Amino acid sequence: MGITAGFAICEDQGKNLYPGDQDHMSHIKIPVSTLRPGMYIVDPGISWLKAPLLYMQEGILASDDEINGIILQGFAEAYYDPERSRDENSAAPQPNIPLAIELQAANRIYEDAYENVKNFLESARGGALDLTFARPLVGDIIKSLSRNVDALVTLSLLKKTDEYTYAHSVNVTIFAVAFANFLGMPDDRLHNVGLAGLLHDYGKALIPNEILTAPRSLTFQEFEVMRSHVLLGVEKIKQFSSVEQEAIEGIAQHHEKHNGTGYPNRLSGKQIGVFGRILSLSDVYDALSSKRVYKGALAPNKALGMMYKMRGQAWAPGYVERFIKMVGIFPVGTAVELSNEHQGIVCRSNPNFPAQPCVLVARDPDGRTIQPQFVDLTRYIGLRITRSLSAAESAHFDIPLLLGGPA
């Protein structure tokens with residue numbers, strides 16, 4: 001019997017949507033029958049229990065098919081923002097390069113980024129300051145993410161090294177640019193958020209190594225020294241004329257929290273800018289999903305679950321939800337087990353239905369390797385992911401090879 005035997009096929013459940021920042025938006029309520037490609041839909045922050053027929057997935061409507069899906073799901077009204085809406089002809093996303101192809105280019109970009117960041121931070125410890133590598137590198141990251149967002153995001157989850165600080169800076173850059181793009185930022189601001197991601201922990205180059213790499217909980221005094229990395233970094237980065245003010249502000253705010261308990265300035269609510277929010281989410285996600293000297297790595301879905309519990313406290317309402325929608329509850333590259341006990345690798349996200357990605361099934365219930373089979377979980381009623389596999393279980397899969405990238 002086939003992998004999906006016994007599971008009924010359900011109707012297609014819609015297209016990709018792109019949520020964005022809702023602060024300070026003007027919005028107009030209209031019936032869904034008047035929606036057009038290019039309109040920017042706004043999430044007004046209303047509980048769906050109070051407005052079950054209000055469509056609230058924020059972002060640009062990309063196509064008529066997407067709008068038809070909204071109507072078929074039974075929604076009646078939506079809010080849209082005229083100022084952030086686009087011409088209908090520019091609404092459709094750029095053609096997507098297949099993951100297997102883009103992984104090759106993305107791997108080269110990641111390796112180049114890692115070496116450049118490593119050299120930069122090591123030189124910074126000696127007082128040398130040279131940022132000439134940064135802007136072209138961020139440009140390469142933006143181009144790769146525009147071709148296929150899953151390639152670099154997947155590599156950032158798979159490429160975990162013992163030199164956490166360097167990989168962390170690269171990963172935060174990737175997550176931050178991907179999320180900013182998901183929120184609809186233009187290219188010039190994507191460059192700024194990417195630069196902020198590369199430099200967000202620059203100040204740690206000025207922290208003593210015995211504190212930075214301590215395999216234990218820090219003392220109060222040591223933690224105060226560690227927290228000083230934010231302001232130390234900001235003061236140094238201000239020397240670079242190529243770093244825009246909004247990037248500097250994002251770096252200064254990446255440890256602030258929505259409820260005012262963060263540092264260094266205990267900012268709260270709207271005092272924290274969108275760059276600070278993006279960097280904070282990216283920073284925490286990579287930290288939780290990475291192995292450290294004092295803790296193991298969490299599976300991506302576990303990390304996202306922890307972040308979801310902090311919504312409204314660490315981050316403004318709606319931001320964690322949008323970040324989860326961007327990466328997926330089970331990001332591409334995650335090894336999972338299905339309800340029929342087959343195992344495989346998530347190979348494509350479904351942003352509208354983050355718990356139902358596409359899976360490349362490669363092991364049967366007895367643990368035997370089988371010919372990989374593509375399964376879109378939105379197409380099968382009752383077939384679902386029951387758990388993500390442990391690191392030891394995931395080791396049975398050559399994930400890059402299965403996804404078509406470099407082994």
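Would you please name the residue that is surrounded by the fewest Cβ atoms within 10 Å (Cβ to Cβ), looking only at residues in region 170-188 that are under 17 Å from ALA297 (Cβ atoms) and in contact with an Asp or Glu (Cβ under 8 Å, 6 or more places away or on another chain)? Looking at the filtered set, the residue picked out is PHE175. Being acidic (Asp, Glu), modelled with pLDDT of 90 or more and under 14 Å from ASN301 (Cβ atoms) is a property that does not hold for GLU341. Taken over region 286-313, residues that are over 15 Å from the mean Cα position of the chain (by Cα) and crowded, with 21+ Cβ neighbours inside 10 Å amount to 0.
Restricting the search to helices (runs of 4 or more DSSP H) fully inside region 148-209 and requiring at least 2 residues that are in the same structural domain as VAL138 (by TED's automatic domain parsing), of a type in the set (Phe, Trp, Tyr) and within 17 Å of the chain's Cα centre (by Cα) gives 164-182. Restricting region 321-335 to residues that are β-branched (Val, Ile, Thr) and surrounded by 24 or more Cβ atoms within 10 Å (Cβ to Cβ), which is farthest from VAL177 (Cα to Cα)? If we take residues in region 321-335 being β-branched (Val, Ile, Thr) and surrounded by 24 or more Cβ atoms within 10 Å (Cβ to Cβ), then THR334 is farthest from VAL177 (Cα to Cα). Residues in region 59-89 that are at pLDDT 80 or above and in a loop (DSSP other than H, G, I, E, B) were compared, and the one that is farthest from MET39 (Cα to Cα) is GLY74.
Conditions tested, residue by residue: (1) closer than 19 Å to MET307 by Cβ; (2) among the basic types (Lys, Arg); (3) not in a helix (DSSP H, G or I).
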position: GLN239; (1), (2), (3): no, no, yes
position: SER242; (1), (2), (3): no, no, yes
position: ILE248; (1), (2), (3): no, no, no
position: ILE278; (1), (2), (3): yes, no, no
position: SER282; (1), (2), (3): yes, no, no
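Condition check for THR165 on (1) in contact with a Leu (Cβ under 9 Å, 6 or more places away or on another chain); (2) over 24 Å from PRO354 (Cβ atoms); (3) modelled with pLDDT of 95 or more: one failure, at (3). When the residues of region 373-388 are filtered to those that are part of a strand (DSSP E or B) and modelled with pLDDT under 90, the one that is nearest to ILE399 (Cα to Cα) is TYR380.
A quick yes/no check of all residues on (1) under 24 Å from VAL230 (Cβ atoms); (2) touching a helix residue (DSSP H, G or I) at 6+ places or on another chain (Cβ under 8 Å):
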{"residue": "PHE275", "(1), (2)": "yes, yes"}
{"residue": "ILE278", "(1), (2)": "yes, yes"}
{"residue": "ASP283", "(1), (2)": "yes, yes"}
{"residue": "ALA287", "(1), (2)": "yes, yes"}
{"residue": "ALA297", "(1), (2)": "no, yes"}
{"residue": "ASN301", "(1), (2)": "no, no"}
{"residue": "MET306", "(1), (2)": "yes, yes"}
{"residue": "GLN313", "(1), (2)": "yes, no"}
{"residue": "GLY333", "(1), (2)": "no, yes"}
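Among the numbered conditions (1) within 20 Å of GLY250 (Cβ to Cβ); (2) touching a Gly at 6+ places or on another chain (Cβ under 6 Å), the only one that MET326 does not meet is (2).
The values are calculated or read from the model by the stated rules, or taken from the named source; none is laboratory data. All of these numbers come straight from a predicted model, not from anything done at the bench. Counting neighbours? That spans all protein chains shown, and the Cβs are built from the backbone with ideal geometry, glycine included.
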